[in-house]
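Q: My questions all concern the structure below.
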Amino acid sequence: MANRFLETNYYKSPFVRSLKGAIKGLYSFIICDCTPSGIWSKDMEAASMYIGFVVNDCDFDENFILRGKAIDIGGNKFFFPDFIEHQYPKGLQENNAAHKNIIFELKKYELLDEKNQVKVKKNRSPFEAPLKPLYRTQGNGNGNGNGEGIGKGNGQGYGIGEPTGTLNNYIIPQMCELWYVSFSTYTKDKENDFQAMGKILHFMANQAKINDVENSENQTKILNTLQLIADQVNREPFWINKPIKSIANHIQEFYNKLKNPIIINGHKNGTEKSTLRERVQAKFNERFAEGK
């Protein structure tokens, strides 16, 4: 039975403190259940049984993949880079017999560089959806250094920032959910959809000169505008069955249509009232309600 190292400040860390009770239990279980290489074969049913709380794939995605803590390496396996940093604070050494199998496994998945350091990708867009994967990087005081993070404070920044509030602050999942509700027959492709929606978000933020996408007022503006675009797509047979990626590649075209509304079926695009926005928000809030 392997022993695992746990820092005394584990529960005081900003990330762990931000987790709900059930997710804290899940994270602790993953630390104990993963391989010595920090690779976990995801089994939410087993995790729920052992921690005494019901947790699901959505909980895992929102708390670990979207926040850059887990990297999908295929085969329902996920790599936790922080595990290597915490368990082997002096780094992985080729001359350490206990590290050889770990190095071999991580290199098999191309997770280590030539110096046996976990690979870090720099210069990510601050609005790029971090589904596979989000890398931790160095930023300056406002998070706009090499890491291009948007979080405040010195030290490490993250692609879309280390969230400071509740999970409802995640704007990209809300944008995707709005799209799925608007197009009930849409075939979801989570990885491609999230990445494409990140591109749309980046364009919207630039157009509206929005720097803080966690601000609730800014999120409302973004979601309202996305709803107008969805309404427009719904009116055009050529676009109605296109994936989000295609919409993202022509987002400027749709913005121009919103600025120059065309009368279609007696309505100006962008002016019809809809309750979709409220339905999406309610569904998103319900999904991440306390105890879920």
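Taken together, the values in this text are just the output of simple stated rules run on the coordinates, not laboratory data. If you're wondering where the values come from, they're calculated on a predicted model, not measured in any experiment.
Q: Which pairs break 19 Å Cα to Cα here: LYS199/LYS221; LYS77/LYS199; LYS77/LYS242; LYS42/LYS90; LYS199/LYS245?
A: Working: LYS199/LYS221 16 Å; LYS77/LYS199 27 Å; LYS77/LYS242 30 Å; LYS42/LYS90 28 Å; LYS199/LYS245 9 Å.
The pairs that break the limit, which is 19 Å between Cα atoms, are LYS77/LYS199; LYS77/LYS242; LYS42/LYS90.
Q: Does segment 1-71 come out rounded, prolate or oblate, given a ≥ b ≥ c as the square roots of the eigenvalues of its C-alpha gyration tensor, rounded meaning a/c under 1.5 and, failing that, prolate meaning a/b above b/c?
A: It comes out rounded by the Cα gyration axes.
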